[in-house]
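A short worksheet on the structure shown next.
FYI, it's all coordinate maths here, none of it is from the lab. All values derive from a computational prediction rather than experimental measurement. Positions of Cβ are backbone-derived with ideal geometry, glycine not excepted, and every protein chain shown enters the neighbour counts.
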Amino acid sequence: MEAKSMAKTDTPVDVDSLLAGGNAMKEMLADVELAPQISALKKELQTTRSVSKKDAIVKKIKYLSGLEKLNMTADQAYVLNHVPLPPPQMRPVIPMGNNKIEYADVNYLYKDHMYVNNVMKDMLPLYSHDQMVDQRKALNDGVKAVFGLGDAITGASRGKDKKGYIRQISGDTGPKTGLFQSKLLSKKQDFSGRATIYAEPNLGFNEMAVPKDMLWDMYKLHIIRDLVRNGMNLISARQAWDDRTSAAMGSFNKLIKEIPIIANRAPTLMRTNITAHFPVPVDGKTLGVNPLHLPMYAGDYDGDALSIYTPKTPEAIQEAKEKLLPQHHIHDYRRGLNSSMVAPGHEAILGSMHMTEPDMSQKPVHFKSEQEALQALKEGKIKENTPLTIG
């Protein structure tokens, strides 16, 4: 892209009156005429045989056509008048314990840039443009450091390897050292688990038996959040989780009744392969599943495994309760319209028959209420199929 050539003149020029730095670049970009240059470049493209030159011309045409489409001039598009400053959540101040505070890298880079900017403001009235070259370069390098397009401009920040936004996200030597692969994708997921399943008939309809230690890790975020909401600071809450204090255990026992886990059996071919359950902590390393739920997973107890996850946001938790609990998956078109996916089978049917068929070889027992009969069964005074009367 070329700016209009300046007319030659024999009149002496006042050097200090000329524009310099960013203002000079802005003035030059403002002289770029889009339509004439696009037309000239298209004609040049038709006569050029060099592949490298054609590639450069096509790139110029794309830039200029983009500006024309957006109804923008080059100086509006390519000159930055203000350095963007994201909110504190994007560049946090983190208490590290022992009265130490750690600042996000870009906070140091912003500080370096503001220092250079203030020095330059003080020097502008005192020095000519040609004496401010180094300061303008330092100012430009400061912005590049903040964006992550260059190194920090002070020795202290370089020594601490402070990185700008793009370097943090994309990495120094490639994507593998960037934020997503090094911090998110490569690390073990703390809020998920996987284990083989076994039959556990002593569960409620919406429950699943889950190893205690697995649950403790999966509910870490919720436990710490609950402790902080109840008055603890973040550092103390994390320490309470590490030490499994009584306060942390109290939060854990409360939260597993309020926040379900989400279970999935791969391959996920149908909606019932993903269900939510309220966890019941157990010893061991396997997941206990109600036998009634097996048809939903199309699974059995010969080594099948489930992956489990903890929903994090209030919206995800609410959706798990309203849509994914087994009580919402009773009906499925695989067994036909209005046919239940969840029904007793095999041992459950035999057990139901045994429980409901009275053993007339035993003497009938009379109870005043159903609660009294259940208490007698719990205490072992009667058996499951002892004949009885109530009322």
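Normalised by residue number, the volume inside the convex hull of the Cα atoms of the range 88-185 is 122 Å³ per residue. Once the Cα atoms are used to define both axes, helix 246-255 deviates from the longest principal axis of the chain by about 80 degrees. Counting only DSSP beta bridges with both residues in the chain, the antiparallel share comes to about 60 percent. The trypsin sites (Lys or Arg not before Pro) of the range 98-190 that DSSP puts in a loop, and whose beta carbon has at most 16 other beta carbons within 10 Å, are Lys160, Lys187, Lys188.
The angle between the Cα long axis of helix 34-47 and the longest principal axis of the Cα atoms of the chain comes to about 90 degrees, rounded to the nearest 10.
For the pair Glu322 and Lys368, a Förster radius of 30 Å applied to the C-beta separation gives a FRET efficiency near 0.15, rounded to the nearest 0.05.
Cross-link partners of Lys321 among aspartates and glutamates, defined as those whose alpha carbon lies under 19 angstrom from its own and excluding same-chain residues fewer than eight positions apart: Glu207, Glu258, Asp332. Projected label points at Asp134 and Leu149, each 7 Å from Cα along the beta carbon direction, are separated by 2.4 nanometres. Of the cross-linked pairs Lys54/Lys176; Lys54/Lys163; Lys62/Lys144; Lys59/Lys160, those separated by over 30 Å at the C-alpha level are Lys54/Lys176; Lys54/Lys163; Lys59/Lys160.
Extension gain for His331 to Thr286 (0.36 nm times residue separation, less C-alpha to C-alpha distance): 13.4 nm. Working note: Karplus 6.51/-1.76/1.60 with θ = phi - 60° gives the range 63-75 the couplings 4, 5, 5, x, 4, 5, 5, 7, 6, 10, 8, 4, 5 Hz, where Gly and Pro are set to x. Segment Lys111..Lys26, full-extension length gain: 28.0 nm, with 0.36 nm per residue of separation and the alpha-carbon distance subtracted. Scanning the chain for GluC sites (Glu not before Pro) lying in DSSP loops with no more than 12 further Cβ atoms inside 10 Å, the longest uninterrupted stretch between such sites is 3-257. Counting other C-beta atoms within 10 Å, and keeping those with at most 15, which DSSP coil chymotrypsin sites (Phe, Trp or Tyr not before Pro) do you find in the range 272-353? Those satisfying the criteria are Tyr301.
Note on Asn71 and Ala376: their simple-model spin labels are 8.9 nm apart, each label 7 Å out from Cα toward Cβ. Relative contact order for the chain: 11 percent, from Cα pairs under 8 Å spaced at least 6 residues apart, divided by residue count. Taking the convex hull of the alpha carbon positions in the range 15-78 and averaging its projected area over all directions gives 5.5 nm².
The value given for the chain is a Kirkwood hydrodynamic radius of 29.0 Å, derived from the mean inverse Cα-Cα separation. Cβ-to-Cβ counts within 10 Å put Ile390, Ile262 in ascending order as Ile390, Ile262, the fewest first.
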